[in-house]
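What follows is a set of notes on a single structure, which appears directly below.
Just so it is clear, none of the values below were taken in a lab; they were calculated from the coordinates. Just so you know, these numbers come straight off a predicted model, no measurement behind them. For neighbour counting, all protein chains shown are included, and Cβ atoms are generated from backbone atoms with ideal geometry for every residue, glycine included.
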Amino acid sequence: MSDSGIEILLSSDGDYEELTAEIFYNGKFIALLNQDEGVNNLKIEFPGTDVEEDMVLRKIDLATFEKGLELARQKIRS
C-alpha cells in the first residue's frame, strides 16, 4: 500500500484478453482499467452490485480518484 492509500494491482483476468489494472483505495476496490482495445483506448469499469459492499468503495474524493487512474494508466502501459 502506498502512502496515499492507492494501490494498483496488475492482473491477467480470464474475462479479458489483455492485462488489467485494478485500483484500490485503503484496501477497497474502486475501479478496473482494461486494455482489450489497446493501451491508447483504455476502458474503465466499476464494481457491479453483485460485489460485497464491504469490499468496494463507491464514493471517493475526485482528486484521489484521478490520481488512482493516472497511476493505473502508467502501470498498465509500462
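Structure notes:
- Reference-scaled alpha-carbon Rg (2.2 N^0.38 Å with N residues) for the chain: 1.04
- Paramagnetic reach from Met55 (point 7 Å along Cα→Cβ, amide N under 19 Å) across segment 11-35: 11-16, 20-34
- The charge dipole of the chain, taken about its Cα centre with unit charges on the Cβ atoms of Lys, Arg (+1), Asp and Glu (-1) only, comes to about 380 debye.
- FRET E, pair Ser12, Leu62, Förster distance 22 Å, beta-carbon r, rounded to 0.05: 0.15
- Set of lysines with alpha-carbon distance to Lys75 below 17 Å, sequence-local pairs under 8 removed: Lys43, Lys67
- Comparing Gly38, Gly68, Gly27 in a Gaussian network model of the chain, where Cα atoms under 10 Å apart are tied by springs, the biggest mean-square fluctuation is seen for Gly38.
- Size descriptor for segment 1-45, Kirkwood hydrodynamic radius: 10.9 Å (Cα pairs only, one decimal).
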